[in-house]
Amino acid sequence: MPVEPLVIRGEVLARPDPEPAAESEFAEVHRLLLCPACRSGNPETRQYCQPCGGLLRPVPEPPEPTRWQRLREQHLERPDVWHFDRRWLTVLIALPLCFAVGTAAVRAVNAGEEALPWVKDRFAGQSSVAADSVEASSEAKGFDAKLAADGVDNRAWAPAGQPADAVGHAWTATFQHPFRLTTLSLISGVSPKPKEYLQTGRPTKVTVTATTTQGRTVRKSLTLFDQPGPQRFALGIDGVVSVEIRIDAVRSGLKPKAPIALAEVQFFTRRTT
């Protein structure tokens, strides 16, 4: 009687006394695998049991996780619910960022809208605007207020009194039709000729107050160079109906008692045609 091969689950033992077996497919096989399901012997080269189709070398069960592994799974690894919470956290972080970006974009748009008229003022042609009426807080003899708006730079307005008393006096122009005051041109002194210019006093600093149709006032402090000729200042004020020029600082001329003179004030707006 032939001796049965020694087999165990997942292992193969050599036959102690191999003998010629009966005619079968296991005739030349001396090492067998025992199927864990049906307990049938199979050549060790097979992966599945021939009678039942079961896996001859089953995957071993994973070992029981240690305490450290359980703590790691609970607290360090990210389950599905953590990903869901993380998305909400991303949204909460992104909302202030989106708000800040939106605010910056609105400010940029507003700045662009405010800058656009200035760009038009810079590249569009300029037209002069004549005042409908002028007046002054005081007038020295021969230096009427209207002389600062007559288009001639060798006649000027000057306040009455001593040169030091000129500080605080103002010259005002009014307009029947509101306009955009793009540029203000001031000519100080009594003449464009340097020799005559130095003879009389002249303002060195003035405050320009423009009043608009809505009753809004815009003030600009301007510093004048001590030189003859026009000095232009970009203002860019819409709806102007009156402009006041107040003397804040003066420089005396070579003639100590010569008045503080403002030869010409000119107003310009953007040319529309």
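The values are calculated or read from the model by the stated rules, or taken from the named source; none is laboratory data. The structure displayed is predicted, hence computed values, not measured ones. A quick note on method: Cβ atoms are made from the backbone with ideal geometry, for glycine too, and the neighbour counts reach across all protein chains shown. Keep in mind that these areas ignore ligands, DNA and RNA; they rest on the heavy atoms of the full protein, side chains included. Shrake-Rupley method; radii C 1.70, N 1.55, O 1.52, S 1.80 Å.
Summing +1 for each Lys or Arg and -1 for each Asp or Glu among the other residues whose beta-carbon sits under 11 angstrom from that of TRP157 gives -3.
Which semi-axes, in whole Å and largest first, does the equivalent ellipsoid of region 142-261 have when worked out from the alpha carbon gyration tensor as the square roots of 5 times its eigenvalues? Numbers along the way, then the final one.
Details: eigenvalues 132, 39, 33 Å².
Three semi-axes, in Å: 26, 14, 13.
Estimated at 0.36 nm per residue, the fully extended path between ALA249 and ARG219 surpasses their Cα-Cα distance by 9.2 nm. When each of the peptides 34-43, 186-195 is scored by the mean number of other C-beta atoms lying within 10 Å of its residues, the order from highest to lowest reads 186-195, 34-43. Averaged over its residues, region 215-273 has an accessible area of 56 Å² per residue, based on protein heavy atoms and a 1.4 Å probe. Distance between the modelled labels on ALA160 and THR174, one decimal in nanometres: 2.1 nm (7 Å Cα→Cβ projection).
Modelled label positions at SER185 and GLU44, each set 7 Å beyond Cα in the direction of Cβ, lie 11.1 nm from each other.
Taking a sphere under 10 Å around the Cβ of ALA145 and counting the other residues whose Cβ falls inside, with K and R at +1 and D and E at -1, yields a net charge of -2.
With a 1.4 Å probe and all protein chains left in place, how much of the accessible area of region 114-273 comes from carbon and sulfur atoms, in whole percent?
Values: 4320 of 8380 Å².
C and S fraction of accessible area: 52 percent.
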